[in-house]
Every structure is written in C-alpha cells, then in structure tokens.
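A short reminder: the numbers here are calculations on the coordinates, not readings from a lab. What you are looking at is a predicted structure, and each value in this text was computed from that prediction instead of being measured. For neighbour counting, all protein chains shown are included, and Cβ atoms are generated from backbone atoms with ideal geometry for every residue, glycine included.
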C-alpha cells in the first residue's frame, strides 16, 4: 500500500517536473494542475458526471450480463464433458477474435444505441470469463466432492454447499479482472460510435487537440478503475477471511 | 454365513476405455471378508491399488469384475453409510471447525438442528478439539485438521469408515498421538474401519487384521491377525514391546521386496 502510493507520487512528481520546466509544449503534455482543473471544469460545466455515469452503466450492464451467463455455463462445462465438448471450440474461436474487429458487425446488427455497446463488451468478456469459471470449478479438489458424496449430498447440494463456496475466492478474482477488460472495450466502443460517455469525451477533445481534456478523461477512467478494484479487493478480504 | 463386508474376486483394469492407453492391471482378483467392528489395515507400497480397493468399498470407484457386498447389499455408489477421511483437502476451509464437523450431518433430514449440534460437539470433544469450535481450519495444525475430519466422519454415523492414509502428511509425534486416539475411538464406538497406509508401524499399532498387498497388480500377500498377537487396548509403551518389534520386522521384510518391485515399475513406465 505504502509502496503503491510512493510509486504514484513519483510518477506525478516526474510529470509535474517535465511540465514545469517546459521541456514539452503543453499540447503534448499539460501540467498535472492543468489536467486536474480541466477535470473540475468538465465536471461542473460540461456534465462530465453524466458521461461518467453512462460509461459506468454500459460497463456494469455488460459485465453483469457476462457474469450471469458465464457462471452457470462455466460450471456446466466443468461438470459435463458433453457441454464442454459442444462449447469449447466455438468459445475458443470467438475468444481469439479481436474486439475492435467486431465493432462494424455490432453497429450493423444493433445500430449505434446502447445495445450495440453492451453487446460488444459482452462479446469481449463472456467467452473469456466462461473458460475462467470452468477452470475455477475444475480446480475444486476431488476430495471435497467426495466428502459430499459420502455424507449423502445430492448433486444440487454438492453444487451449493461445496463447489460454489470452494471456487468462489478465485472466481471473484477473475470477475475483478474481467471488469477491467470491460473498461478497455468500452473505450473502443465509445471512440468508434457514440455521442456520450468518457470515450466520446476523450475522442472529441482529441479532435481539437485539447490535450488537457484528453488526459482528464483518462484520469477519470483510472480513478474509477482503481476505486472499483480496491473495493472488490476489500470485499474479497472481508468475505474470505479464512484464506489469510 | 454372511459377513458384514464381503469383497468377492475383485479385479480392476485402468485405461481400457476409448483413449487407447495401455491397459493397467491394478487389482488382480482379491477376496476377503470383514466383520463388524474390525479395524482392518491395507498395507502395501504406494501405487499398488490398496486405495483403489478401499475406494470401491466406498462406492467411489467401480470394480471391473467381482462385487462388494456391505450388510447384505451390493455396493453401487457412495452414500452416508460409507464415510471417508482423506489425507489432504480433508476439511472445508470456508467453514469453522464446528461447522466442518456438523457438515457430516448436514444432509440428514431425520434429526433437527439442535440434535446435529449436540452430536457434532460430542465428537469434537472426543477428538480433543472441544475448545477450538470457532477456529478456521486453516489456522489450526495439520494434525488438528485430520482430527476435525475424523470427528466429521464419526458424526455422520457411517456403518464403515474408510481412511486413505489420513496421517501420511503429519510429523512422527503427531502421527503417533493420532494413531493412539483413533484406536481408542474405534474401540469405544465399535466402528468397522478400513485404514490404508504404507507405514508398517502404523499398521501394526492400529490393526485388528492387516492385509499385506503386493506391488501392482495387487494381490494379498499375507493376512496377519494382529488381534491374536496384541491386546485390544494399546498404548505408547506397546511400541517398545518385543512382540511389536518382531511383528514390525517380519512385516517390513515382506513389504521391502514389494516396495522395490513397485519402484522399478514406476521407472519402467
């Protein structure tokens, strides 16, 4: 934690020094102060909060949709070879497609509304997540399942009382990482076709070389990412006390 | 006359399915009868098939040929009548000690929660962990974790207890203490136990009868009725007695050649 803060401070100090000494023109690298004050102006004057809100909404809708579908399917894949056989090659194929390549398709199919963005994020994360979940479920020790079998548990009870709690810590970690990917894909979606959202703000600022605004947008994503990550880690520590 | 547990001409061949891997003969026609309340030890080199046979009694593996009959019914699959204690992953880290023991009763619908609590606490005290109900199992020692698993399995009230090298990962002092405690518990509860190990002293100390297994494919080399040679109640001093010492040496002689054969088999594969 201390080290993390120190490295942060060091990077900002370096940035500030480079900007203060006018080593680079401000169009290249505005000072940290300029970025922060721009951030503030965007918030109070230009409804940046609305853009942040819509971006968060897109990310979480797609993320929850992905998770809600990937968790059951992943567990099914791990317990039934037939489900695994049917889905594995399909998933592998889609998993290797670069998300930006899918943007034109989602626009043709779903237009430029919310659904096309959510669909894009879903495609970028679902196929990865389902494999991660299947792996988590497969790594539940055989002994745990057999303890269930020899205490008279039915398959549903084994799933609920053994498999789920056993795989939960690593699954929460994987969900946290997937949520990070969602942000990457969101910016792709918003840069290509959007009239709102953080990505859109960044892209339209670039057009007028408002570098401080571009960096304010990036700053916003960074802060949100850091905050969510820390929040999930904190929950992880609280829920899984027994791991420490 | 029907026995409590009848193991009847069991064979097991691994790898005959689709994959086309060379078939491995694991168990080569083993038969034995076990009576109620006996502590039976399967002793043999690692990888010889003794665990596989025990898992078949538990219904966790199926024999290729032959059958296993427990209390007049053929074993078809796992259930609460056949309790298991494993060497590792023997208890659930997300449950505290008491909840782990209570897990043995979790899926019973014929008794209420208060009764489950009472039974779980009873067995937790029997293994000497009465003061540790509220501990996470990751915070207690490996030996205590195995006692939690033993308490859980006794609490579940199975007809037969199957133990797969449960003390294999413990240090010598801990192991001796747990062997003593387990022997006591088995006598008190009159449980039928099959205990798998490759440790000769452990086998002699715990067993009413030992079945010495050959290297793969497993056959019974010798059956030794320890109960005719040692008293039922055993203590630490017994280990220093001449009878114990002689028994141990004789069996060591038997197993040594098998262990060597088993090693060579591993290398040649």
| request: State, to one decimal in nm, how far the label point of residue A:234 lies from the label point of residue B:222, with both points 7 Å from Cα in the Cβ direction. | output: 6.7
| field | Average Cα contact separation per residue, segment B:159-269, under 8 Å, 6 or more apart, as relative contact order % | value | 24
| said: Rounding to the nearest 10 and keeping the result within 0 to 90°, find how far the Cα-based axis of helix B:113-126 lies from the longest principal axis of chain B. | reply: 60
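Under the rule a/c < 1.5 gives rounded, and otherwise a/b versus b/c splits prolate from oblate, where does segment B:138-242 land using the Cα gyration tensor? Each step should come with its number before you reach the end.
Values: a/c = 1.40, a/b = 1.30, b/c = 1.08.
The shape class here is rounded.
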| Relative contact order (%) - segment A:33-243, alpha-carbon pairs under 8 angstrom, separation at least six | 28
| request: With an 8 Å cut-off on Cα pairs and a minimum separation of 6 or more residues, tell me the relative contact order of segment B:94-142 in percent. | output: 57
| query | Under the definition of partner shielding as Cβ atoms of other protein chains within 10 Å of a residue Cβ, what is the mean value for peptide A:139-147? | reply | 6
| message | For a Förster distance of 35 Å, can you work out the FRET efficiency between the beta-carbons of residue B:190 and residue B:65, rounded to the nearest 0.05? | response | 0.60
| remark: antiparallel share of DSSP beta bridges within the protein assembly as shown, to nearest 5, in %, is 50
| query | For helix A:2-20, what angle does its Cα long axis make with the longest principal axis of chain A, in degrees from 0 to 90 and rounded to 10? | reply | 30
| request: Measure nothing fancy, just the Cα-based angle from helix B:242-268's long axis to the longest principal axis of chain B, in degrees from 0 to 90, nearest 10. | output: 70
| Number of partner chain Cβ atoms within 10 Å, mean per residue of B:87-98 | 4
| query | Once a ≥ b ≥ c are taken as the square roots of the eigenvalues of the Cα gyration tensor of segment B:211-269, is the result rounded (a/c under 1.5), prolate (a/b larger than b/c) or oblate (a/b not larger than b/c)? | reply | prolate
| said: Could you check the spin-label model distance between residue B:259 and residue B:107? Points 7 Å from the Cα along Cα→Cβ, value in nm. | reply: 3.8
| message | If I model a spin label as a point 7 Å beyond the Cα along the Cα-Cβ vector, how far apart are those points for residue B:169 and residue A:37 in nm? | response | 6.2
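For residue B:181 and residue A:11, FRET efficiency with R0 = 60 Å and r from the beta-carbon atoms, rounded to 0.05?
Given R0 = 60 Å and the Cβ-Cβ separation, E is 0.55.
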